[in-house]
Amino acid sequence: MSGSHHVFRQATTWVPISLALAVCTIATGVLLLWFDDSSAPPDDVCGTAVPSSSLDPLLPDGGAVRQEAGELFENVVSVCYVDIDGDPGVDIEVRSVSPETDLQHTYEAAPGAYGLELSPSEGQIGDASAVLGPAGALVLTSCPAAGGDSALLVNVRTYREREGDVDEQRRALAMFTAQFLNSYVDERC
C-alpha cells in the first residue's frame with residue numbers, strides 16, 4: 001500500500017504545479033496579445049512618417065499588419081505594400097518622372113493599373129496635380145532634390161471592399177495621400 005500512496009503523493013504534487021504552469025502560460029499569452037500592437041496601423045509607411053489615423057480607413061478589417069518593400073526598377077524610387085493578415089491593404093509606388101509628365105494621359109492609358117477605374121476625378125493635393133478615385137490616387141509633384149527638373153509620380157492604391165459613400169472613400173484616400181506626400185517630399189526632396 002505504501003507504493004501506491006507514494007505514486008498518489010507524486011501525482012498530487014505535480015498536478016498543482018502543472019496547473020500553475022498552464023495558468024501562467026495562458027496569462028502570459030493573453031498579456032502578449034493584449035499589448036501586441038502588430039494589428040495597429042503603423043505610424044511609418046515605407047519609411048515615411050504618416051499618422052496611423054489616416055492609414056486606418058484605407059485598410060481592410062483584420063489582424064496583423066505587415067509592410068514589405070517592393071522591387072525597384074527603371075525610374076521607380078520606392079515601392080511598399082501594406083498587408084493585413086496576408087491580404088493586400090495599400091500599395092504605394094513612387095516614380096521619378098519629368099515635370100512635363102501629362103498626368104491625365106498617364107492615368108487614362110491604364111486606369112486599372114492605378115486603381116482609378118471607378119469614377120476618377122482630377123484635383124489638387126496641396127500644390128500637386130492629382131487624380132483621385134475611391135481606390136486609387138495618382139499625384140504629380142515637383143522634387144528638386146531628385147536631380148534637375150525632376151518630379152515624382154506617386155500612386156496610392158487601396159484594396160478595401162468598396163462600401164458606402166464613394167466621396168467619403170475618395171476623401172480618406174486624399175487625406176492619407178496628402179500626408180504621405182508631404183512627409184515623403186519633406187524627407188527626400
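The values are calculated or read from the model by the stated rules, or taken from the named source; none is laboratory data. Quick caveat, the model's predicted, so the values are computed rather than measured. All Cβ positions, glycine included, derive from the backbone under ideal geometry; neighbour counts span all protein chains shown. These accessible areas exclude ligands, DNA and RNA; they are computed on the full protein's heavy atoms, side chains included. Shrake-Rupley method; radii C 1.70, N 1.55, O 1.52, S 1.80 Å.
Descriptive notes on the structure:
- Scanning the range 118-141 for residues that are closer than 19 Å to Leu59 by Cα and either of a type in the set (Val, Ile, Thr) or in contact with a helix residue (DSSP H, G or I) (Cβ under 7 Å, 6 or more places away or on another chain) (or both) yields Leu132, Gly133, Pro134, Gly136, Ala137, Leu138.
- Ser129 meets the stated requirement of being in contact (Cβ under 8 Å) with a residue 24 or more places away in the chain, among the polar types (S, T, N, Q) and either assigned to a strand (DSSP E or B) or open to solvent by 70 Å² or more (accessible area, probe 1.4 Å) (or both).
- Test: residue in the range 92-104 that is within 26 Å of Gly63 (Cβ to Cβ) and hydroxyl-bearing (Ser, Thr, Tyr): no
- Given (1) within 19 Å of Gln104 (Cα to Cα); (2) open to solvent by less than 40 Å² (accessible area, probe 1.4 Å); (3) modelled with pLDDT under 95, index of the condition Leu138 fails: (3)
- From Arg188, Arg171, residue being under 23 Å from Val82 (Cβ atoms), of a type in the set (Lys, Arg) and touching a helix residue (DSSP H, G or I) at 6+ places or on another chain (Cβ under 8 Å): Arg188
- Residues that are among the polar types (S, T, N, Q), closer than 15 Å to Leu152 by Cα and in contact (Cβ under 8 Å) with a residue 24 or more places away in the chain, drawn from the range 66-86: Ser78
- Candidate set from the range 144-189 (those that are among the small types (Gly, Ala, Ser) and part of a helix (DSSP H, G or I)); member that is modelled with the lowest pLDDT: Ala146
- Where strands (runs of 3 or more DSSP E) fall wholly inside the range 1-101, the ranges with 3 or more residues that are at pLDDT 50 or above, closer than 24 Å to Thr141 by Cα and open to solvent by less than 50 Å² (accessible area, probe 1.4 Å) are 76-84, 87-97.
- Cys80 being under 10 Å from the mean Cα position of the chain (by Cα) and at positive phi: no
- Residue count for the range 114-126 under the criterion of being surrounded by 21 or more Cβ atoms within 10 Å (Cβ to Cβ) and of a type outside the set (Gly, Ala, Ser): the result is 4.
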